[in-house]
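This report refers to the structure that appears directly beneath it.
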Amino acid sequence: MPRHVGIIMDGNGRWAAARGLPRLEGHRRGAERLFEVIDACIDLGIGTLTVFAFSAENWKRPQEEVSGLFKLGEWLLRAHLSRLHRRKVRLRVIGDVASLPDFARGPLLEAVEASAGHDAFTLVVALNYGARQEAAQAARKLAEEVVAGRLRAEQIDWTVLESRLDTAGQPDPDLIIRTSGEFRLSNFLLLQSAYAEIHIAKEYWPDFGRPQLEAALDDYRSRERRFGMTGQQVQGAPPAP
Ligand code: FPP
C-alpha cells in the first residue's frame with residue numbers, strides 16, 4: 001500500500017460540459033468525490049493524501065470560476081470539519097496561502113491549527129500551489145540563510161533543500177493519480193515525485209470514486225519500484241555471475 005498518494009483532480013469542467021451544466025457544478029460534484037476518496041484512503045490504510053485543489057496558474061481562469069472555487073472550498077471546510085475531526089484527520093496546506101482571499105484563508109488556517117494533533121491520516125491540500133514556485137521559494141530561503149551566515153553553500157544537498165519545501169517533514173508521494181486521461185504533471189509536486197509511480201485514470205474527477213481508487217492501487221502494486229537499482233537487486237536475487 002502506498003504511504004502517500006497525490007491526486008490531480010482533473011476533468012470537472014469537461015464533466016459538466018458533457019451534461020450541459022455550468023463548470024462550477026462540475027467542481028461541486030468533484031468536491032463531493034473528494035470526501036468519498038478521503039474516506040476510502042483512511043479505510044485502506046494510506047497515511048497521506050495530497051490533492052491539487054487550485055494551482056498557481058488557475059488564477060488565469062474566468063474570475064467567476066475562481067471566486068466560485070474559493071467559496072466552494074470555504075463551504076466544504078465548514079460542512080466537513082467535524083467529520084474530519086472525528087476521523088482524526090490532520091489538515092495541511094501547501095502553496096502560497098498568504099495570497100488567498102481572506103474569507104477562505106482564515107478558516108483554513110484555523111482548521112490546520114486545530115487538527116495539528118491528529119495523526120490517523122494527513123490530508124494535504126495544494127492551494128495556490130506550483131512546484132516551480134515552491135522550488136524558487138526554497139532557493140530564496142537558502143540564499144538568505146547563506147547571506148546571513150547561518151548556512152554554508154557547500155552544505156546544501158537534497159536533504160537540506162527538501163527541508164525548505166512546503167512539504168517538509170512529509171513522505172514523498174509513492175503514487176500520483178491523474179484523472180481525465182491526461183498524461184501531465186502540471187507543476188504538481190515535481191521534485192517530490194521523482195520516484196513516484198504514475199497512474200492515469202480515464203474518468204473525469206467527478207466520476208472517480210472508491211472502485212477507481214482501488215484500480216489505481218492494483219496498478220501501483222503491479223509495478224516494480226527500482227529507485228535506480230536493477231530488478232535483481234530489488235528482488236533480492238544473487239547478482240549474475
Ligand atoms: C480541474 O478540473 C479541477 C480543479 C481546477 C479544481 C479542483 C477542485 C475541487 C475538486 C473542489 C475543491 C475546491 C477547492 C478550492 C478546495 P478542470 O476545471 O481543469 O476540468 P477541465 O480540464 O475538464 O476543464
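Every read-out reported here was derived from the displayed coordinates using simple, explicitly stated rules and does not represent laboratory data. Computed from a predicted structure; not experimentally measured. We place every Cβ from the backbone using ideal geometry, glycine too, and count neighbours over all the protein chains shown.
At a temperature of 20 °C and a viscosity of 1.002 mPa s, determine how fast segment 1-110 diffuses translationally according to Stokes-Einstein, using the Kirkwood radius over alpha-carbon pairs as Rh; express D in µm²/s, rounded to the nearest whole number.
Details: Rh = 15.1 Å.
Calculated translational D: 142 µm²/s.
As a proxy for reagent exposure, TYR204, TYR195, TYR220 were ordered by neighbouring Cβ count within 10 angstrom, fewest first; the result is TYR195, TYR220, TYR204. Where a Cα-Cα gap under 26 Å defines reach, which lysines qualify for LYS88, not counting those fewer than 8 residues away within the same chain? Straight-line reach from LYS88, under 26 Å: LYS71.
All distinct Cα pairs of segment 148-204 go into the 1/r average, and the inverse of that average, the Kirkwood radius, is 13.4 Å.
Remark on segment 86-162: hydrodynamic radius 14.6 angstrom, per the Kirkwood mean of 1/r across alpha carbon pairs. Counted residue by residue at 0.36 nm each, then reduced by the alpha carbon distance between them, the extension gain from TYR195 to GLU214 reaches 4.8 nm.
Give the order of ASP119, ASP172, ASP39, ASP166 when sorted by the count of other beta carbons within 10 angstrom, beginning with the fewest. Working shown, then result.
Values: ASP119 11, ASP172 17, ASP39 14, ASP166 21.
Ordered from fewest to most neighbouring Cβ atoms within 10 Å, ASP119, ASP172, ASP39, ASP166 come out as ASP119, ASP39, ASP172, ASP166.
Comparing ALA143, ALA120, ALA196 in a Gaussian network model of the chain (Cα springs below 10 Å), the most mobile by mean-square fluctuation is ALA143.
Report the charge-dipole magnitude of segment 140-190 in Debye, nearest 20, computed about the Cα centre from +1 at each Lys and Arg Cβ and -1 at each Asp and Glu Cβ.
Values: 7 positive and 9 negative charges, 38 e Å.
Dipole size: approximately 180 debye.
The Rg/Rh ratio for segment 14-77, using Cα coordinates for both the radius of gyration and the Kirkwood hydrodynamic radius, is 1.02.
Quick check: from the Cα gyration tensor, does segment 72-206 come out rounded (a/c under 1.5), prolate or oblate? It would help to have the intermediate numbers written out before the result.
Numbers: a/c = 1.88, a/b = 1.29, b/c = 1.46.
Judged from the Cα gyration tensor, segment 72-206 comes out oblate (a/c at least 1.5, b/c at or above a/b).
In this Cβ point-charge picture (+1 for Lys and Arg, -1 for Asp and Glu), the chain has a dipole of about 240 debye about its Cα centre. Full extension of the chain between SER163 and ASP43 gives 40.2 nm of extra length, using 0.36 nm per residue less the Cα-Cα distance. The dipole here belongs to segment 119-241: it is taken about the Cα centre, uses +1 on the Cβ of Lys and Arg and -1 on the Cβ of Asp and Glu, and is about 260 debye.
Compute the relative contact order of segment 162-211 as a whole-number percentage, counting only Cα pairs closer than 8 Å that sit 6 or more residues apart in sequence. Write out the running numbers ahead of the final one.
Numbers: 51 pairs, mean separation 20.9, N = 50.
The normalised contact order for segment 162-211 reaches 42 percent.
Since only GLN192, LEU165, GLY73 are under comparison, the one whose Cα sits farthest along the positive direction of the charge dipole of segment 63-193, derived from C-beta charges on Lys, Arg, Asp and Glu, is GLY73. Relative contact order of the chain: 27 percent, from C-alpha pairs under 8 Å at least 6 residues apart in sequence. Neighbour counts of C-beta atoms inside 10 Å place ILE198, ILE7, ILE177, ILE46 in the sequence ILE198, ILE46, ILE7, ILE177, starting with the fewest.
With N the number of residues in segment 42-92, Rg(Cα) / (2.2 N^0.38 Å) evaluates to 1.41. Write out the GluC sites (Glu not before Pro) in segment 31-68 meeting two conditions: DSSP loop, and at most 15 other Cβ atoms within 10 Å of their Cβ. Listed in order of number, the matching sites are GLU57. With contacts taken as Cα pairs under 8 Å at a separation of at least 6 residues, segment 73-118 carries a relative contact order of 54 percent. All distinct Cα pairs of the chain go into the 1/r average, and the inverse of that average, the Kirkwood radius, is 19.3 Å.
I'd like the chymotrypsin sites (Phe, Trp or Tyr not before Pro) in segment 111-186 restricted to DSSP loop residues with at most 11 other Cβ atoms within 10 Å, sorted by number. Let's see the in-between values first.
Numbers: sites: PHE121, TYR129, TRP158, PHE183; in loops: PHE183.
The qualifying sites are PHE183.
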